[in-house]
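The values are calculated or read from the model by the stated rules, or taken from the named source; none is laboratory data. Because the structure is predicted, anything quoted here is derived from the model rather than measured. Here Cβ is always computed from backbone atoms with ideal geometry, including for glycine, and neighbour counts include all displayed protein chains. Ligands, DNA and RNA are excluded from the accessible area calculation, which covers all protein heavy atoms including side chains. Shrake-Rupley method; radii C 1.70, N 1.55, O 1.52, S 1.80 Å.
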Amino acid sequence: MRKVVSRDGTTIAYEQAGEGPPIVLLGGGFRDHTAFDTLVPELSGHCTVYAYDRRGRGQSGDSPAYAVEREIEDLAAVVEEAGGNPVVFGGSSGAILALEAMMAGVPMRKLALLEPPYRVEGFRKPEETFADKLQALLDQEKRGEAVEYFLAEHVGFPPEWIADWKASPMWASNEVLAHTLPYDTQVMGDGRIPVERLARTEVETLLVNSNATSDWLLTATAATAAALPAGRRLELPGVWHRVLPEVLGPVLVEYVTG
């Protein structure tokens with residue numbers, strides 16, 4: 001993997017593929033750059049793709065004290081590597097991080113987001129002590145329990161869904177990246193859509209949701225699009241919190257090259 005050094009000295013690793021207008025990809029919880037392994041081939045025939053490991057994941061470094069501002073600086077470093085004004089695509093908590101970076105002034109030509117997991121009125125929110133309990137489990141090296149707690153309390157998975165995840169091949173990688181769940185928790189903040197700050201933005205933004213996602217994610221995506229002066233929403237075929245790469249890829253290619 002290629003490397004770039006963020007403002008605080010942390011090394012951020014990324015893969016580069018293809019030729020054409022640049023697009024930077026950043027994932028959400030439990031994800032490193034390999035989450036885009038099936039999407040990159042859909043893009044690289046038309047775009048130069050930069051898929052990076054957020055700090056604390058994969059081959060990227062980390063720092064003793066976490067702050068959302070450091071992750072914004074990481075994205076800014078990758079954006080600079082991509083020529084300084086790329087399209088940025090973020091999924092899940094990565095979508096919220098991309099919005100925070102855009103509002104902080106990180107240059108991007110366009111923004112595309114998959115289901116930013118804000119908490120809109122009328123839907124269940126995590127308990128107030130969620131962040132403390134999650135960190136306590138990680139401090140005790142109970143990584144599996146931390147993953148289960150995050151999925152149950154923050155994502156809202158019923159026990160049978162968690163059991164399915166535990167039986168799947170992805171569970172091991174979820175445990176490996178469990179220490180980054182507090183990072184995503186801080187990125188998502190209190191869960192409220194920052195309507196007033198978003199209203200001051202001008203970057204063209206495409207909000208994508210799956211037609212088979214949760215009601216709260218669908219509602220959050222629609223509300224985020226409505227809060228953005230240059231936002232629009234597009235629903236695509238998919239599964240829970242994910243659009244199939246063969247469907248999402250052509251949409252992003254058209255968005256980047258159009």
- What are the extents of the Cα atoms of the stretch 26-120 along their three principal axes, listed from largest to smallest and rounded to whole Å? 39, 31, 26
- Efficiency by 1/(1 + (r/R0)^6): what FRET value for VAL251 and LYS142, r their Cβ-Cβ distance, R0 = 35 Å, to the nearest 0.05? 0.30
- What shape does the stretch 175-258 take by its C-alpha gyration tensor, where a ≥ b ≥ c are the square roots of the eigenvalues and a/c under 1.5 counts as rounded, a/b above b/c as prolate, and the rest as oblate? oblate
- Message: Could you compute the net charge surrounding VAL256? Neighbours are other residues with a C-beta less than 11 Å from the C-beta of VAL256; K and R count +1, D and E count -1.
- Response: +1
- Mean projected area (nm²) of the alpha-carbon convex hull when the chain is viewed from all directions: 12.6
- Query: trypsin sites (Lys or Arg not before Pro), restricted to the stretch 100-170: which are DSSP loop and have at most 12 other Cβ atoms within 10 Å?
  - Reply: ARG124
- Accessible area, 1.4 Å probe, largest first: how do TRP240, TRP216 sort? TRP240, TRP216
- Task: Quick one: pull the percent of accessible area on the chain belonging to carbon and sulfur, 1.4 Å probe, ligands and nucleic acids left out.
- Result: 50
- Task: Calculate how many DSSP beta bridges within the chain are antiparallel, expressed in % of all such bridges and rounded to the nearest 5.
- Result: 30
- Query: Under the Karplus relation 6.51 cos²θ - 1.76 cosθ + 1.60, θ = phi - 60°, what is the ordered set of whole-Hz ³J(HN,Hα) values for the stretch 88-97, x standing for Gly and Pro?
  - Reply: 10, 10, x, x, 6, 4, x, 5, 5, 4
- Debye equation applied to the C-alpha atoms of the stretch 113-230, log10 I(q)/I(0) at 0.11, 0.13 Å⁻¹: -0.43, -0.59
- Per-residue SASA entry for GLU73, accessible area with 1.4 Å probe, Å² rounded to 10: 40
- Query: Taking a temperature of 4 °C and a viscosity of 1.567 mPa s, what whole-number D in µm²/s does Stokes-Einstein yield for the stretch 212-252 with Rh from Kirkwood over alpha carbon pairs?
  - Reply: 118
- Contour minus Cα-Cα span, GLU128 to LYS3, at 0.36 nm per residue, comes to 41.2 nm
- Rounded to the nearest 10 Å², the accessible area of TYR149 using a 1.4 Å probe with every protein chain kept is 40
- Largest to smallest accessible area among GLU254, GLU246, GLU71, GLU42 [probe 1.4 Å]: GLU254, GLU246, GLU42, GLU71
- Task: Could you tell me which of rounded, prolate or oblate describes the stretch 97-146, using a ≥ b ≥ c as the square roots of the eigenvalues of the alpha-carbon gyration tensor, with rounded for a/c under 1.5 and, failing that, prolate when a/b is larger than b/c and oblate otherwise?
- Result: prolate
- Note on the structure: Compactness check, the stretch 8-60: C-alpha Rg relative to the 2.2 N^0.38 Å globular estimate gives 1.13
- Query: Quick one: net charge of THR201's neighbours, Cβ under 13 Å, K/R +1, D/E -1?
  - Reply: -1
- Computed for the chain: size of charge dipole around the Cα centre, +1 on C-beta of each Lys and Arg, -1 on C-beta of each Asp and Glu, debye to nearest 20, value 340
- Item | Considering only the stretch 188-258, percent of DSSP beta bridges that pair antiparallel, nearest 5 | 25
- Query: Counting only residues 5 or more places away or on other chains, whose amide H sits under 5 Å from the amide H of PHE157 once H atoms are built in the peptide plane?
  - Reply: ALA152
- Cβ-placed point charges (K, R +1; D, E -1), dipole of the stretch 117-230 about Cα centre in debye, nearest 20: 180
- Take ARG242, project a point 7 Å from its Cα along the Cβ direction, then tell me which residues of the stretch 75-108 have their backbone nitrogen under 16 Å from it. 91-94
- Message: Tell me whether the stretch 34-85 comes out rounded, prolate or oblate; compute the Cα gyration tensor, take square roots of the eigenvalues as a ≥ b ≥ c, and use a/c under 1.5 as the rounded threshold.
- Response: oblate
- Item | HIS179 accessible area, assembled protein chains, probe 1.4 Å, Å² | 60
- Task: Compute the length gained on full extension between GLU160 and MET103: take 0.36 nm times their separation in residues and subtract their Cα-Cα distance, giving the result in nm to one decimal.
- Result: 16.7 nm
